[in-house]
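Notes follow once the structure below has been shown.
What follows is calculated from the coordinates using simple rules that are stated; it is not laboratory data. The model shown is predicted, which means the values in this text are computed figures rather than measured ones. Note that each Cβ is placed from the backbone with ideal geometry, even for glycine, and that neighbours are counted across all protein chains shown.
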Amino acid sequence: MSLNMKARGVLAAASLLVSAPALAQVPPPQPEAQAAAPQLTKAPELVRSVQAQYPAEAAAQGLTADVRLIVTISEEGTVTEVKPAEPVGHGFDEAAVEAVRQFRFTPAEVDGVSAPVQVEYVYHFTLTEAPAPGAGQEGEDAPRETATLTGRLLSRGSRSRVAGATVRCGEDPEAPEATSDAEGRFTLRVVPGECEVRVIASNFQRYQTTETLKPHETAEVVFYLVPAGGAFETVVRSERPKKEVVRRTVTREEAQKTPGTFGDPVRVIQTLPGVARAPFIAGDLLVRGSNPGQSSTLMDGVNIPILFHLLGGPSVVNAEFLDTLDFYPGGYGSQYGRAVGGVVDVTTRKGASDTLHGSVKVDLLDAGFFLEAPVAKGVSVAASARRSYIDALLPLFLPEEEGETLSVVPRYWDYQLRVDFGARKKEGEGEEAPERRSTGYIMAFGSDDQLTLVSSGESQANDLSLSSHTLFHRLKGDWTYRVGKITSVFAPYAGIDKYDTEVGSSYTEKDTVYSLGARETLALELSSAITLRTGVDVMFEHGRFDVVADAPPGFEYVPFPGASPEAESLEEKLRITGFDGALFLESDYKLGAFTLTPGMRANLQIVGSQRNVALDPRLWARYTANEHTALKGSAGLYSQPPDTPRFAFLPYGNPRLGYQRAFQASLGVEQRVASRFQVDLTAFFNRRFKNVVSPGQVLTQPDGTIVQERFSNEGLGRAYGLELMVKKERASPTDKWFGWLSYTLSRAEDGREEPLPAIRDNVIDGGTGDTAYGLSPWDQTHILTLVGSYVLGNGWELGGRFRYTAGRPVTPLDHRHDVYGSDGNVYRPTYGPYFSARAAGFHQLDVRVDKSWQMESWTLTAYLDVQNLYNAKNAEFVFNDYRYRDEYEVPGIPLLPVVGVKGSF
């Protein structure tokens, strides 16, 4: 028997370069003006192939193989890199790589523009018997009967259309085959009889079935393909310029199953290097030694007042709505401003373009839904909403010993609604005419948080000693226009924020802030080595602030002899309007292995008669030593305008405030190890100056009165340290586990340019520091996080997360005897040296178990997410009794098992 050796390749599917950004310290891309996620508008087509040399040893043993390759295709259609996705050995990998390197494709297009892409290419090595001499001669010229197999490929569990899949009839290398289109449809003409259908698609398990076809018959079928490694869809990404030293990007697939996050990808930020742990009721973002409020949180490029709901999460955006989440701890480009700390940029995704999809999630904390669907050609809609009910459940877990502890109970809801539209057009009829694309979307989103402080004692379960309410709404538009190598993005927005605070009966504040802004960015690719970006970023604010508070000490009066003194109530109504705008310019220069990105941001703030100007030059550099190693560094100035309410007249504010400033620098190295591990080590130094602090200096007015500024630009700060991240990626859909180690070693300090004022108003300041410079109250020397997840099989997945942070600095209570103030009828505390002690360290282990059932058209997932598995007693705050003799700890989250179910279709 003689063998006729054949080698045949199959183009399984195409996905854009950086098709699934990993949660790692990778050099970041600068988003093109918060544009919508790029779309693959034209897949590459194979126009020239080369037959591989069949390995002699494998042929002698009668071995066959299917070699999966990751092929990088340039903008011109040439193959620049070929790597085996899953090596099979016996010489097949080397033979396939050598052949595919010589392939030629038509250029792929992203949003109508040629772009580099990566494709998964399956090369089949098969052995077939050579026909006997004279066989097949008879009847060669007779007409052959045919049958037609047509249908659609859907993803099992979600009904998403599977495009770019190869459908074949049998294993014969000469068998007919077809490729599914964007709607997942295919048509295959075959010889009547039994057809052994084989479907090969990227990120899906191989599908096999048998169809019996009669002559001249057309059979229509629907095949449900099983996703490889999970039921999540692959998100297409285009390659964007890398212009920050550290960008940490979270993929929805990995983040939704990270233990302790309750399926919320945004909460994964809390496990990344450079992020200090905030008290659980705050939800603050503390980045590289910065203070609360000094980092910017953006949603689709629009500033939002909070990123997390109270109690430390979840985030204010539904997990299903999230497209990408980029975290920049520092060194970001000139397109970002209004921050001297870090930046978090959450982008939402457009609705599905194929059919109706959605999900419903219910657990012990909240319930929510997500829906997406096309409504017309080129128009899609996505919507989500969520409401918590933890306020009704958490009291069941509170300790019952009255007076020993306090617990915080939150209530929240949020919503998102997005409508996308747009299509690609061509100017003129010629092949060389530049293509233009006009797309856009309108989005509304908002969030509401209410917080009450409740005693754990039964008799005081409904007493309120603290209440806060935070509400915001945003309406944003986005219009992106591309023609040739020019891209323009215009994004107007409007918003309203409301803040209500009550502290017993002594203080009530109701704030409302209206905002109106717009952003225009223009990008021009001058050549393959030079790209230019410029734009304008403006924002108007109008605030209404109503405050009712007890007067400061000294304003008390005694209504009759022997009675307790009562504080006089003061009421103020403030109205303030402010403007903040910026012009920015930056460019990318590629010089061989070097990439340089210089930039400049010019800032202007106007509030009342105050005019503030700040110039922020920035520089980013990267040197790629080889495909595994890169060096990177950055340096620059950053500015943040003071909040508009702080410009109120004396003594309630300071109308002479200026920009807060910071100098940030970092230097790092990236190293890929054994293709599956990514190691990133970054050293950073941040110096903040002209920060807004309280109280300000004591001033003598022209009329001789003395008044103290509530705020002043006298604040200083510095932070320095090392950040390490080691991430193990899933190398293929069959890889069972992923995880990462995150560690930060740092020191954060705060201070003042001038000595503390001689007169200190306790109501205004509230502080008791006895030194002008020292540790920051947010300093945490060691921050360690370990995360791991393992696919057990049959729909089961197990994960764990361990966190440890060093305790924050505290000023110890040095109570040797009671100190009683007879004038105010109050006891006063006696403290030791300022920040001379530390609170106990925080440590916690979280575990999550998932089980999924994939039906044909929908997927059911049940999960158990356990926070604080071993019930560590982590104290969040300390309260004192009225004589300052004893301290009472406010506990953190106890052992908290959360059971939930999620159905998606």
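Give a quick list of GluC sites (Glu not before Pro) in region 822-905 that DSSP marks as loop, anything other than H, G, I, E or B, with at most 13 other Cβ atoms within 10 Å.
When the GluC sites (Glu not before Pro) of region 822-905 are filtered for loop state and at most 13 Cβ neighbours within 10 Å, 856 remain.
Using the number of other C-beta atoms within 10 angstrom as an exposure proxy, rank 790, 884 with the fewest first.
In order of increasing Cβ crowding within 10 Å: 790, 884.
From a point 7 Å beyond the Cα of residue 790 in the direction of its Cβ, which residues of region 710-753 have a backbone N at a distance under 14 Å?
Counting backbone N atoms under 14 Å from the label point, the list is 736-739.
Could you list 177, 86 in order of exposure, starting from the residue whose Cβ has the fewest other Cβ atoms within 10 Å?
86, 177
What does the net charge come to around residue 884 if you take all other residues with beta carbon closer than 13 Å to its beta carbon, with K and R at +1 and D and E at -1?
Taking every other residue near residue 884 into account, the sum is -1.
Quick one: which of 648-654, 209-215 comes out on top by average Cβ neighbours within 10 Å, and what's the full order, highest first?
For the peptides 648-654, 209-215, the packing ranking is 648-654, 209-215.
Taking 0.36 nm per intervening residue step and subtracting the Cα-Cα distance, what contour gain separates residue 724 from residue 80 on full extension?
Gain on stretching residue 724 to residue 80: 228.7 nm.
Hey, if you put +1 on the Cβ of every Lys and Arg and -1 on every Asp and Glu Cβ in region 794-905, which of 806, 867, 820 ends up farthest toward the positive end of that dipole?
The residue sitting most towards the positive pole is 806.
Roughly how many Å is it from the Cα centre of region 54-124 to that of region 488-515, as a whole number?
The two parts, judged by their Cα centres, are 55 Å apart.
At a Förster distance of 45 Å, what's the computed FRET efficiency of residue 514 paired with residue 901, Cβ-Cβ distance as r, to 0.05?
0.65
Near the amide H of residue 841, under 5 Å away, which other amide H atoms are found, from residues 5 or more places off or on another chain, if H is placed in the peptide plane?
Residues meeting the amide H criterion: 807.
Spin-label point model (7 Å from Cα, Cβ direction): what's the residue 819 to residue 212 distance in nm?
With each label point 7 Å from Cα toward Cβ, the separation is 9.6 nm.
Taking region 797-838, which trypsin sites (Lys or Arg not before Pro) meet the DSSP loop condition and have no more than 16 other C-beta atoms within 10 Å?
816
If we count every other residue with Cβ under 14 angstrom of residue 388's Cβ, Lys/Arg +1 and Asp/Glu -1, where does the sum land?
Computed value for this residue: -3.
Neighbour counts of other C-beta atoms within 10 Å: give me 503, 381 arranged from fewest to most.
503, 381
Quick one: of 42/214; 632/736; 485/727; 42/632; 361/476, which pairs are farther than 29 Å apart, Cα to Cα?
From 42/214; 632/736; 485/727; 42/632; 361/476, over 29 Å: 42/214; 632/736; 485/727; 42/632.
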